[in-house]
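Student: Have a look at this one.
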Amino acid sequence: MSQWSNNNPSQDRVHYWLSYWNLLISLVGRDVRARFRRTFLGPLWAIIPAILATVIYSFLSGLISVDTEGAPRVAFTFAATVPWTFFQSTAVRIPHGVLANGTLLRKMPVPRQVFPLVVLLTTSFDFLMSFIVLAVTLQIFGIAITSAWLWLPLLVLMTAFLGWTVGIGIAAFTIYRRDLMHGIQHIMQVWLILTPVIYSAKELEDGLQLVHRLNPAVGIIDGFRRVLVFGEAPDVGLLLGSLVITCLGLALAYPLYRILSAYFTDVV
């Protein structure tokens, strides 16, 4: 085995990760079942947060007379709320996911990268459920499926990538300083205000150029809205900006998470 490992380091790494594949799937299944066990509405809780947020944001946007560019207000808001909820849930729940598996960390040598992946796959399930409801809602409002929907796989991957990057960055610090977890929701609320979920990205162009360029969520959220509601291709320049900033964030977050996670068993 050692000879095979020395001659094939890349294959050895693949074998290492494949050995934990069953663990990954088992943890995802456990988390999904645990969320809906002994609940009255069961799997409906996967879509309720996005629906409630859409109702609230639509009401607020109506109060402040947000320009929806001619689109139905509910569709305009829902198309942005679903991906935002996916991103926010992933980023916020990753630190909690690492903490929740502290016992497992102390019992066996598990790759620390598994736990953020478990959260990402779990929130992906929620996103899929919410997206089905979103697609039906768009049809009810008479918004047709167009060729622009071919952009959706890229937009979903970028949303997952951003959420995972932010999540591991937060986890690297909050595992050691638990009080920081209380501030995560407040940070995400501010981030929401600076992201065109309730309003159009064009309003950011007029008044908040710096936020428009440096917020990686802007291009992604606006991309979903362009594709789903208006049947247009997303702004490629905004998407490239989002990708570059997310990659820069990953270049900081991943090494930090990898180094600090080696000592998670001492504090979880």
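The values are calculated or read from the model by the stated rules, or taken from the named source; none is laboratory data. In this text, all values refer to a predicted model and were calculated from it rather than measured experimentally. Using ideal geometry, Cβ is built from the backbone for each residue, glycine included, and neighbour counts are taken over all protein chains shown. Only protein heavy atoms, including side chains, enter the accessible area calculation; ligands, DNA and RNA are left aside. Shrake-Rupley method; radii C 1.70, N 1.55, O 1.52, S 1.80 Å.
Student: 7 Å from Cα along Cα→Cβ at both PHE173 and LEU150: what's the point-to-point distance in nm?
Tutor: Here the answer is 4.2 nm between the modelled labels.
Student: How many nm separate the modelled label positions at VAL244 and ILE140, each set 7 Å beyond the Cα in the direction of the Cβ?
Tutor: With each label placed 7 Å out from Cα toward Cβ, I get 4.1 nm.
Student: Calculate, for GLN185 and ASP67, the FRET efficiency according to 1/(1 + (r/R0)^6) with r their C-beta to C-beta distance and R0 30 Å; round to the nearest 0.05.
Tutor: Given R0 = 30 Å and the Cβ-Cβ separation, E is 0.55.
Student: Continuing with this model, one more query. Sort GLU232, GLU69 from largest to smallest accessible area, using a 1.4 Å probe on the heavy atoms of the protein chains.
Tutor: Values: GLU232 80, GLU69 55 Å².
Greatest to least solvent exposure: GLU232, GLU69.
Student: May I pose another question? With labels modelled as points extended 7 Å from the Cα through the Cβ direction, what inter-label distance (nm, one decimal) is found for LEU128 paired with ALA233?
Tutor: Spacing of the two 7 Å Cα→Cβ label points: 3.0 nm.
Student: Could you state how much accessible area HIS186 has, in square angstrom rounded to the nearest 10, with a 1.4 Å probe and all protein chains kept in place?
Tutor: Surface accessible to solvent at HIS186 totals approximately 120 Å².
Student: Quick one: with all protein chains in place, what share of the accessible area of the stretch 126-202 is carbon or sulfur, to the nearest percent (1.4 Å probe)? Provide the component values of the computation, followed by the final result.
Tutor: Values: 2980 of 3850 Å².
Solvent-exposed carbon and sulfur of the stretch 126-202 make up 77 percent of the total.
Student: With r defined as the distance between the Cβ atoms of LEU60 and ILE259 and R0 fixed at 51 Å, what FRET efficiency is calculated, to the nearest 0.05?
Tutor: Computed FRET efficiency for LEU60 and ILE259: 0.75.
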